[in-house]
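The values are calculated or read from the model by the stated rules, or taken from the named source; none is laboratory data. Remember, predicted model here, so these are calculated numbers, not experimental data. Don't worry about glycine lacking a Cβ; one is built from the backbone with ideal geometry, like all the others, and counts go over all protein chains shown. Ligands, DNA and RNA are stripped out before the accessible areas are found, and what is left, the full protein with its side chains, is counted by its heavy atoms. Shrake-Rupley method; radii C 1.70, N 1.55, O 1.52, S 1.80 Å.
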Number of protein chains: 2
Amino acid sequence: MNVQVTGAGSFGLSLARVLARRGHDVRLCCRQEDGPEELRRTRHSPHFVQDMELPQEVEVSLESDPDVEMVVLAVPSHVMRTVLEQNPFSGKTIHVSVAKGIENETLYRMSEVIHDVAGDVPVASISGPSHAEEVAKDLPTTVTAASVEEDVRLAVQEAFMSPMFRVYTSPDHIGVELGGSLKNVIALAAGICDGFELGDSAKAAVITRGLAEISRLGTAMGADPLTFAGLSGMGDLIATCESRHSRNRAVGEKLARGSTLEEILGASLMVAEGVRTARAVHALSEQYKIEMPISDEVYKILFEGAEPVRAINALMMREAKPERL
Amino acid sequence: MNVQVTGAGSFGLSLARVLARRGHDVRLCCRQEDGPEELRRTRHSPHFVQDMELPQEVEVSLESDPDVEMVVLAVPSHVMRTVLEQNPFSGKTIHVSVAKGIENETLYRMSEVIHDVAGDVPVASISGPSHAEEVAKDLPTTVTAASVEEDVRLAVQEAFMSPMFRVYTSPDHIGVELGGSLKNVIALAAGICDGFELGDSAKAAVITRGLAEISRLGTAMGADPLTFAGLSGMGDLIATCESRHSRNRAVGEKLARGSTLEEILGASLMVAEGVRTARAVHALSEQYKIEMPISDEVYKILFEGAEPVRAINALMMREAKPERL
């Protein structure tokens with residue numbers, strides 16, 4: 001199969017390698033600032049993935065090929081629209097989003113952004129517990145390929161399925177996309193727990209209650225509630241909240257230790273999607289009238305100057321009551 | 001309230017402190033081998049909880065008081081029956097089990113063992129993400145008090161509820177007990193992932209699929225499936241699988257690194273409930289005809305001499321299919 005990966009960040013690089021080893025013709029489409037000459041010459045991009053060699057067969061290019069059979073869109077969610085507008089694909093090209101976020105201006109999921117720009121093209125998303133650094137090392141990884149069209153999700157599964165990169169399928173595109181996006185806000189809260197050294201029990205409670213609120217909002221938005229109990233919901237949430245690889249978790253930890261958001265974001269090349277997603281979740285929870293106490297505290301810390309320690313207390317001191325899911 | 005904690009292991013000690021600080025009259029009933037004289041004198045039991053001082057008000061005793069209003073049974077599950085037979089309580093005493101296991105010979109949950117020995121007494125269980133070492137340090141902890149009788153679960157909630165020990169209630173006693181017990185088998189699998197350094201993504205997938213199989217069995221046994229998405233299910237599972245405090249996780253890690261079960265259990269004073277529970281889960285999954293691939297691999301490693309590395313491969317190499325929850 002003729003596949004293009006658009007975006008040479010950590011996930012784009014590691015997925016290009018998975019696809020090349022699977023035997024596809026792979027083009028990695030990057031920007032000038034990603035250093036294509038060096039990537040072509042050294043086959044390494046140490047800023048994004050340490051110790052991964054990009055297979056020789058992957059063509060590194062600045063040009064997008066509009067006629068590929070499949071494009072894997074590995075770009076931050078806030079540039080998805082622009083990237084597609086500047087580099088459109090054929091109506092038959094399967095568009096696979098691996099971005100985890102929600103467009104802030106429209107509150108669209110990534111598949112909605114793709115349809116908005118490209119019309120009625122085949123669209124899927126891949127999501128699930130999958131740190132790029134681990135995929136690059138051939139550590140066992142399981143993800144879910146979601147699309148409302150069965151042939152599309154099966155084609156994506158077939159394209160990626162490898163011994164160490166296992167792909168399940170799901171028809172619940174809404175649920176899979178929301179799980180992957182909303183978890184980054186909970187990861188910020190989990191990082192705050194780490195920063196205050198609150199312990200594993202408290203963090204597990206935040207993750208659990210976090211999934212409950214993700215699931216409430218997602219169900220109101222049309223997702224199947226069971227999806228959130230799966231790899232793309234609970235699985236990705238745990239991997240993100242418990243890993244040193246998670247940028248969103250790390251942002252929360254630094255916030256708890258006293259850094260400002262500007263200091264943290266200014267010091268990193270990579271994007272912490274959770275910061276933007278916190279805004280979108282705040283708007284969505286108001287629109288759908290869903291109580292989301294953890295996401296709400298994260299929003300107040302990020303954008304309303306609330307003290308992290310006060311937020312933790314607010315969460316712990318809620319009144320005695322039955323557990324509600 | 002007049003409360004006895006039976007069992008001076010790590011959880012018994014830390015709960016005795018929670019109850020004493022809450023203002024109850026607390027007796028800690030221990031065995032001669034727990035060193036009651038030293039505990040009385042130093043108020044410390046460093047083998048079980050480092051750096052925790054047992055409040056002076058807690059009476060340390062070798063004698064059980066049959067007339068207490070509430071007894072907290074903090075003993076390993078395989079001795080619950082004997083302990084109760086030797087030290088019965090009044091018919092009005094609220095029996096609170098904090099043991100996490102299933103009696104191997106009968107496949108009874110702890111509340112069933114209590115009823116079997118003591119008849120129609122009030123029974124509750126406390127379960128949830130709550131490492132004794134963290135409770136002892138006043139780190140924020142949330143648990144669920146379960147009982148089919150509303151007044152009993154409310155009494156237990158009221159008895160324990162403290163600023164850093166938050167108690168929710170649940171009427172689903174079956175689900176809360178099963179979540180707390182079955183997760184120890186999955187924690188062994190998570191520890192095996194750690195021992196092989198499979199990464200955070202793989203481990204998150206094992207935890208997620210592990211909860212799915214716990215939930216399938218639990219639902220077949222009469223639990224409310226939603227309970228497994230709560231603190232006593234998912235929450236406790238995550239805390240156990242992700243913490244250095246977890247003995248069951250540590251056993252799995254050592255198995256993966258080449259130790260035998262006999263070596264591991266021989267070197268520890270504490271009980272790893274998951275080993276016995278793996279036997280019970282194996283029998284229950286056959287009885288209820290529920291597929292439990294992860295628990296099954298753990299059973300084969302523990303009792304049938306299977307190689308951990310083969311088990312991991314067996315789990316990863318399952319055929320491509322839709323995600324089923």
Can you list, shortest first in nanometers, how far A:His78 lies from the same residue in the other copies, with each label 7 Å from Cα toward Cβ? 5.7
Which peptide among B:168-176, A:26-34, A:192-200 comes first, and what is the full order, when sorted by highest mean count of other Cβ atoms within 10 Å? B:168-176, A:192-200, A:26-34
Would you mind calculating the relative contact order of the range B:184-289 from Cα pairs under 8 angstrom and at least 6 residues apart, reporting the percent as a whole number? 41 percent
Name the chain B residue nearest the rotation axis between B and A, going by Cβ position, and give the distance in whole Å. B:Glu242, 3
Excluding ligands, DNA and RNA, what is the solvent-accessible area per residue of the range A:218-291 at a probe of 1.4 Å, expressed in Å²? 43 Å²
Taking only the alpha-carbon positions of the range B:119-265 and ignoring solvent, what does the Debye formula give for the base-10 log of I(q)/I(0) at q = 0.10, 0.11, 0.22 Å⁻¹? -0.37, -0.45, -1.26
Over chain B, the sum of -39500 (n - 2.57) across DSSP H runs of at least four, divided by residue number and rounded to 500 deg cm²/dmol, gives at 222 nm -14000 deg cm²/dmol
With Cβ to Cβ distances under 15 Å as the rule, what net charge do the other residues near B:Gly179 carry (K, R +1; D, E -1)? -3
How many partner chain Cβ atoms sit within 10 Å of a residue's Cβ in peptide A:126-132, on average, as a whole number? 4
Semi-axes of the range B:238-313's equivalent ellipsoid from the Cα gyration tensor, sqrt of 5 times each eigenvalue, largest first, rounded to whole Å? 21, 15, 13
Quick check for you: which residues of the range B:41-59 have the amide N under 19 Å from the point 7 Å beyond the Cα of B:Ser268 toward its beta carbon? B:46-50
For the range B:1-76, report the translational diffusion coefficient in µm²/s to the nearest whole number, using Stokes-Einstein at 37 °C, 0.692 mPa s, and a Kirkwood Rh over Cα pairs. 275 µm²/s
What residues does the range B:238-252 have that are buried by at least 10 Å² of accessible area in the full protein assembly compared to the chain on its own, 1.4 angstrom probe? B:Ile238, B:Ala239, B:Glu242, B:Ser243
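Averaging over every viewing direction, what projected area does the convex hull of the Cα atoms of the protein assembly as shown cover, in nm²?
Numbers: hull surface 110.3 nm².
One quarter of the hull surface, i.e. the mean projection, equals 27.6 nm².
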In this model, which of B:Lys100/B:Lys289; A:Lys183/A:Lys289; A:Lys254/B:Lys100; A:Lys289/B:Lys203 are farther than 30 Å apart at the alpha-carbon? A:Lys254/B:Lys100; A:Lys289/B:Lys203
Could you tell me the center-to-center distance, by alpha carbons, between the range A:24-86 and the range A:236-307 in angstrom? 27 Å
Just to be sure I understand the curve: with the Debye formula and one point per C-alpha of chain B, what is log10 I(q)/I(0) at q = 0.08, 0.11 Å⁻¹? -0.35, -0.66
Take each uninterrupted DSSP H stretch in chain B, measure its Cα extent along the helix axis, and return the ones at 27 Å or beyond whose mean Kyte-Doolittle hydropathy is at least -1.0. B:173-195, B:200-220
Quantify how strongly other chains surround peptide A:158-168 by giving the mean number of their Cβ atoms within 10 Å of each of its Cβ atoms. 2
Express in % the proportion of alpha carbon pairs of the range B:71-165 at distances exceeding 18 Å. 46 percent
Give the nm distances, rounded to one decimal, from B:Arg43 to the matching residue in every other copy, measuring between label points 7 Å along Cα toward the beta carbon; shortest first. 6.6
Once the Cα gyration tensor of the range B:43-127 is found, what semi-axes does its equivalent ellipsoid get, as square roots of 5 times the eigenvalues, in whole Å, sorted largest first? 24, 17, 11
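Pop out the Kirkwood hydrodynamic radius of the range B:1-143 from its pairwise C-alpha distances, inverse of mean 1/r, in Å to one decimal.
Working: mean 1/r = 0.0658 Å⁻¹.
After inverting the pairwise mean of 1/r, the radius is 15.2 Å.
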Put the label 7 Å from Cα along Cα→Cβ for B:Asn2; what are its distances to the other copies, in nanometres, shortest first? 8.6
The FRET efficiency for A:His44 and B:Asn87, from their Cβ-Cβ distance with R0 = 51 Å and rounded to 0.05, is 0.15
Per the 1.4 Å probe, what fraction of the accessible area of the range A:10-145, in percent, lies on carbon and sulfur atoms? 44 percent
How far is it, in nm, from the label point at B:Leu261 to the one at A:Thr260 when both lie 7 Å from their Cα along the line to the Cβ? 5.8 nm
To the nearest 100 Å², how much accessible surface do chains A and B cover up together, summed over both, with a 1.4 Å probe? 4100 Å²
Put one equal scatterer on each alpha carbon of the range B:34-86, apply the Debye formula with no solvent term, and list log10 I(q)/I(0) at q = 0.17, 0.19 1/Å to two decimals. -0.69, -0.85
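Can you check how the C-alpha radius of gyration of the range A:202-268 compares to 2.2 N^0.38 Å, as a plain ratio?
1.30
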Rounded to the angstrom and largest first, Cα extents along the principal axes for the range A:117-181 equal 36, 24, 20
